[in-house]
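Heads up: the structure comes next, in structure tokens.
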Amino acid sequence: MSAHTLSEGDLLRLRRFSTPTVYNGWEQVSRVDRRSVVNRDVVQDFMPQFGPMIGYAVTLEVEPSNPRHIDRSEAPREYRAYLESVPGPKIVVVKDADSPNVIGTYFGEVNASLHRALGCVGMITDGGVRDIVEMGSLGFKALAQRLCVGHAYAWPVRWGHAVEVFGLTIEPGQLLHADQHGFMVIPEEDQARVLEATQFMDANECHTVIGASQLLRGGTMAETRQAMVEAEKRFGAAARQQFGKSGEWSD
């Protein structure tokens, strides 16, 4: 399990930025393959009004199609003990063994309330979710494949192990940042610099390419092209000076 290296204040500051903005900062300070830290499959954010969430992964596997699991009556208690043993803030990553089929869901109002009380700020599941209005009133964010009506035989099957959701493998304890665009893992070795890099790259964009584009309205096409070329040069120079990389201004 990864160490929790960031302060609560730093986590709150990172939460102020969108996940793409954090990604832009992260890639300036990381040697990790930039393709390997983000979801590859489509995921839906059912509480986009909450903005981003950030937290350390706790993992769970369910199989709502299988009624045999509910015979293990002690499983929910054991799973809750695992949740309690992990410091927060936490994001629950739920692997649905039935996915991409959605038979039922473990998460609705009741389990969202329970997980919120145990230090979880939201969830990511490749299965379904229900009671999103009630979950929203609890301030519990949900990224999922789709909505569904029932829970079927959703029950804790396994927890505290690596799970693959939306094409990305998540290990317990990894730091996650998520919003309506999707989610990313922030590798442990990059966490110490990711906030500074995110703040710098966000300001760099505003001071150069974004700022220039706001001033170009009404100019000729030739003037616009030249101004953007100069803005791109300033953007790249600032990134190189700060990180030894040129940055990438284009979306």
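The values are calculated or read from the model by the stated rules, or taken from the named source; none is laboratory data. Computed from a predicted model, the values in this text were never measured in an experiment. Every residue, glycine among them, receives a Cβ derived from its backbone with ideal geometry; neighbour counts consider all protein chains shown.
Just to be sure, is residue 119 buried (at least 20 other Cβ atoms within 10 Å of the Cβ), of a type outside the set (Asp, Glu), touching a Pro at 6+ places or on another chain (Cβ under 9 Å) and without any contact (Cβ under 8 Å) to a residue 60 or more places away in the chain?
no
Would you say residue 202 is crowded, with 21+ Cβ neighbours inside 10 Å and either of a type in the set (D, E, K, R) or in contact with a Cys (Cβ under 6 Å, 6 or more places away or on another chain) (or both)?
In short, no.
Here's a check for you: in region 152-174, which residue that is more than 18 Å from residue 115 (Cβ to Cβ) and in contact with a helix residue (DSSP H, G or I) (Cβ under 9 Å, 6 or more places away or on another chain) is surrounded by the fewest Cβ atoms within 10 Å (Cβ to Cβ)?
Selected residue: 153.
Within region 30-74, which residues are within 27 Å of residue 10 (Cβ to Cβ) and of a type in the set (Asp, Glu)?
33, 45
Condition check ((1) touching a residue at least 40 places away in the same chain (Cβ under 8 Å); (2) hydrophobic (A, V, I, L, M, F, W, C); (3) in contact with a Gly (Cβ under 7 Å, 6 or more places away or on another chain)) across all residues:
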residue	(1), (2), (3)
35	no, no, no
38	yes, yes, yes
55	yes, no, yes
70	yes, yes, no
95	yes, no, no
103	yes, yes, no
106	yes, no, no
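Quick test of your reading of the structure: residue 21 fulfils all but one of (1) touching an Asp or Glu at 6+ places or on another chain (Cβ under 6 Å); (2) surrounded by fewer than 18 Cβ atoms within 10 Å (Cβ to Cβ). Name the failing condition by number.
(2)
Take residue 184 and tell me if it is within 21 Å of residue 7 (Cα to Cα) and either within 17 Å of the chain's Cα centre (by Cα) or among the aliphatic types (A, V, I, L, M) (or both).
Yes; evaluated as a whole, the condition is true for this residue.
Taking into account only those residues within region 1-15 that are in a loop (DSSP other than H, G, I, E, B) and under 12 Å from residue 56 (Cβ atoms), which is modelled with the lowest pLDDT?
The residue in question is 1.
How about region 16-32: which of its residues are in a loop (DSSP other than H, G, I, E, B) and within 16 Å of the chain's Cα centre (by Cα)?
Answer for region 16-32, where residues must be in a loop (DSSP other than H, G, I, E, B) and within 16 Å of the chain's Cα centre (by Cα): 16, 17, 18.
Just for region 46-89: of the residues that are in contact with a His (Cβ under 8 Å, 6 or more places away or on another chain), closer than 20 Å to residue 175 by Cα and at pLDDT 95 or above, which one is surrounded by the fewest Cβ atoms within 10 Å (Cβ to Cβ)?
For region 46-89, the residue satisfying everything is 61.
I want to confirm something. Restricting to region 130-151 and keeping residues that are buried (at least 20 other Cβ atoms within 10 Å of the Cβ) and of a type in the set (Gly, Ala, Ser), which single residue is nearest to residue 167 (Cα to Cα)?
144
Of the conditions (1) outside any helix (DSSP H, G or I); (2) at negative phi; (3) at pLDDT 70 or above, residue 173 clears all except one; give me its number.
With respect to (1) outside any helix (DSSP H, G or I); (2) at negative phi; (3) at pLDDT 70 or above, residue 173 is out only on (2).
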